[in-house]
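The values are calculated or read from the model by the stated rules, or taken from the named source; none is laboratory data. Source: prediction; values computed, not measured. Cβ placement follows ideal geometry from the backbone for every residue including glycine, while neighbour counts extend to all protein chains displayed. Remember, those area values only see protein heavy atoms, side chains included, never the ligands or the DNA or RNA. Shrake-Rupley method; radii C 1.70, N 1.55, O 1.52, S 1.80 Å.
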Amino acid sequence: MRPLVIYLDTNDYSAFSSDQMNAKDAFVYDFLMRKLHEKEIVIGFSFQNLFELMQDFSPEHFQDRINRMNTIHKICGNNAFRFPENLDGDVFTNDGRWYPLEWEKTADKKILQDPRAFMITFFSIGKSNTYVNLGHDMTEKVRKFSEDFAKICGQHQAALQKAKEDLKKLVALYNSRPELAETTIPGSGAIVDQWKDKVRSLESLNIRSVFGPEILGEYFVDILEAYHGRSSRDKGFKPRKSDFVDMLHAIYIPHCDVWRGDGGFSNILLSQKIKHSERIVAKRSDLPDFIQSLIQGRK
């Protein structure tokens with residue numbers, strides 16, 4: 001029987017690489033290492049995990065990033081989830097293929113497939129090298145898109161909330177004094193219906209007409225729909241710049257048995273009952289019991 005495939009959040013690797021790991025994290029880490037040794041699980045990393053390590057590559061962060069990378073290597077080895085450019089076929093592999101295929105045109109494949117070597121080369125500040133350029137260009141693209149995505153979501157949510165508030169005022173006036181409403185706003189009954197349609201339209205934005213599955217796959221559209229479903233109905237919801245990167249992490253949910261993501265974002269997916277939500281673990285401390293229950297269920 002094949003081992004369970006596990007996907008961890010970048011924050012998990014950060015916690016496991018800390019010199020001051022707390023008791024709860026140490027328990028989870030020891031459990032994972034034991035299950036890896038017993039060959040009951042395998043864990044893979046992704047570009048998204050490394051992307052978060054490449055955010056600020058100034059010299060003072062060098063050792064911290066290398067420590068995290070060493071932890072990723074110790075836990076994952078060469079097990080990796082393919083870069084989200086083509087998710088057909090085997091997405092989880094043991095060949096270290098975490099990067100865009102086009103990088104192989106200009107970079108040494110051996111260094112690319114050894115993330116530790118890549119990260120050391122990437123942190124060679126002051127040196128203009130292929131790996132710095134590749135990593136910087138890609139991280140900038142993702143960072144810029146993440147910022148734009150959060151801004152667009154915020155604007156859409158603001159428009160929706162204003163439309164709801166205007167509709168509420170209009171309905172209150174119409175219900176309390178229909179004759180006054182008609183005098184003040186001729187045809188107000190029809191206007192109420194028009195505003196209801198506007199609110200419904202904003203709430204039921206056709207995500208598939210904006211982001212087709214050809215971009216990042218069918219499941220990515222499911223993620224966007226779940227995100228929109230939560231943001232359009234929760235008045236207190238605030239889009240974050242990190243939400244888009246969390247979505248990129250989440251595209252691997254169908255390709256693993258256990259997916260550990262950011263707690264807040266995981267709860268969005270769980271609340272919207274996204275497909276394969278039974279694989280999602282929102283809290284790191286829940287990993288041992290969750291994984292052990294799956295192992296027991298297979299026996």
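The residues of segment 49-88 expose, per residue, 46 Å² of accessible area to a 1.4 Å probe. Checking the cross-link pairs LYS238/LYS283; LYS110/LYS283; LYS238/LYS273; LYS24/LYS275 against a 24 Å limit on the alpha carbon distance flags LYS110/LYS283; LYS24/LYS275 as lying beyond it.
Taking amide H as placed 1.01 Å from N in the peptide plane, the amide H of PHE83 sits under 5 Å from that of TYR99, each at least 5 places away or on another chain.
Relative contact order of segment 1-109: 27 percent, from C-alpha pairs under 8 Å at least 6 residues apart in sequence.
Between LYS24 and LEU101, the contour length at 0.36 nm per residue exceeds the alpha carbon distance by 23.9 nm. Take 92-103, 249-260 and order them by the average number of nearby Cβ atoms within 10 Å per residue, most first; the result is 249-260, 92-103. Sorted on the mean count of surrounding Cβ atoms within 10 Å across their residues, most packed first, peptides 15-23, 276-284 read 276-284, 15-23.
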